[in-house]
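Here's the structure we're looking at; comments come further down.
The values are calculated or read from the model by the stated rules, or taken from the named source; none is laboratory data. Since the structure is predicted, the reported quantities are computational estimates derived from the model, not experimental observations. Here the Cβ is made from the backbone with ideal geometry for all residues, glycine too, and neighbour counts use every protein chain on show. Surface areas here come from the heavy atoms of the whole protein model, side chains and all, with no ligands, DNA or RNA. Shrake-Rupley method; radii C 1.70, N 1.55, O 1.52, S 1.80 Å.
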Amino acid sequence: MRQYFSLLKRTNLFLGITEKEIESLLCCLEAREHSYEKEECIFARGEQVMSVALLLKGSVHIQKEDYWGNLSILNEILPGEIFGEVYACLRNDFILNNAVAVKQSNVLFLDMKKALTICSTACPFHGRLVKNLLSIMALKNKALTQKLEHMSQRTTREKLRSYLSEQSLRAGCSSFDISFSRQQLADFLSVDRSAMSHELCKMRDEGMISFQKNHFVLH
């Protein structure tokens, strides 16, 4: 676990908390680490989630599959980010989506009930953890609003323009990389992959964008 402390100190969940305090919190929250192989399910639809999950290594997709097997990627989780926290807070509700490892991943599980219950010593860093958790939930709500902006666009081109524009703003540059493959991007935007690839090529031919694999430049 100690090899991940440099990562934990940089996460939003442990923001403003020292390494020594993190060590105490991990003990208090009964932290446990688990490893998952590519395409292995971490949380499955219909489960009850009792712990918040923090990704230590790898990549995780929050995704939904309908009755006919159509897949939608709702969110991408990167190292240092948490997932499952909403259902862990609800405790008695069932998770609606799957959390799947995109590649070999290590996940740290923290007992949510203990996280939300201030210990008898009322340590200030425990209170800081709760504030950080609320801040993360607010940021995720903002990210969901941004995705809804992409999804609300009428055409595949408009969805692509909305998504690529946001990625450019995040990077602070017109040249940037995205983490999605073409199929993953299509699943994220809920569009047909072939139609999306055709539209990307048309946008390139019209001089709007250029791209090489996952690297994009907006013109």
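Structure summary
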quantity	calculated
FRET E, pair residue 213, residue 20, Förster distance 45 Å, beta-carbon r, rounded to 0.05	0.55
Cut-off 15 Å between beta-carbons: net charge of the residues surrounding residue 210, Lys and Arg +1, Asp and Glu -1	0
Nonlocal amide H pairs with residue 32, under 5 Å, H built at 1.01 Å	109
Most positive-pole-ward Cα, 88, 165, 98, against dipole of the range 60-190 from beta carbon charges	165
Å² of accessible area per residue within the chain, as computed with a 1.4 Å probe and no ligands counted	56
Amide H contacts of residue 56 (H built 1.01 Å from N, under 5 Å, at least 5 apart or other chain)	80, 106, 107, 108
Spin-label model distance (nm) - residue 7 vs residue 141, 7 Å beyond Cα toward Cβ	2.9
Helix axis angle, 19-28 relative to the chain longest principal axis, alpha carbon, degrees	80
Under Karplus coefficients 6.51, -1.76 and 1.60, residue-wise ³J(HN,Hα) of the range 136-153 in Hz, glycine/proline x	4, 4, 5, 5, 5, 5, 5, 5, 5, 4, 5, 5, 4, 5, 5, 5, 6, 5
Accessible surface of the range 56-119, 1.4 Å probe, proportion on carbon and sulfur as whole %	55
Cβ-placed point charges (K, R +1; D, E -1), dipole of the range 1-80 about Cα centre in debye, nearest 20	280
About the Cα centre, charge dipole magnitude for the chain (Lys/Arg +1, Asp/Glu -1 at Cβ), debye	420
Listed pairs 159/202; 9/57; 20/142; 20/103 exceeding 23 Å between Cα atoms	20/142; 20/103
Accessible-area value, residue 96, 1.4 Å probe, nucleic acids and ligands omitted, Å²	90
From phi via Karplus (6.51, -1.76, 1.60), per-residue ³J(HN,Hα) for the range 60-76 in Hz, x at Gly/Pro	10, 10, 8, 9, 10, 10, 7, 4, 8, x, 6, 9, 10, 8, 8, 6, 10
Surrounding net charge for residue 104, when Lys and Arg each add one and Asp and Glu each subtract one, Cβ distance under 12 Å	0
Cut-off under 5 Å, modelled amide H: who pairs with residue 42 long-range	99, 100, 101
Whole-Å semi-axes of the ellipsoid equivalent to the range 124-194 (Cα gyration tensor, √5λ, descending)	30, 14, 12
Heavy-atom accessible area order for 211, 14, largest first, 1.4 Å probe	211, 14
Centroid-to-centroid separation of the range 1-63 and the range 75-129 [C-alpha atoms, Å]	7
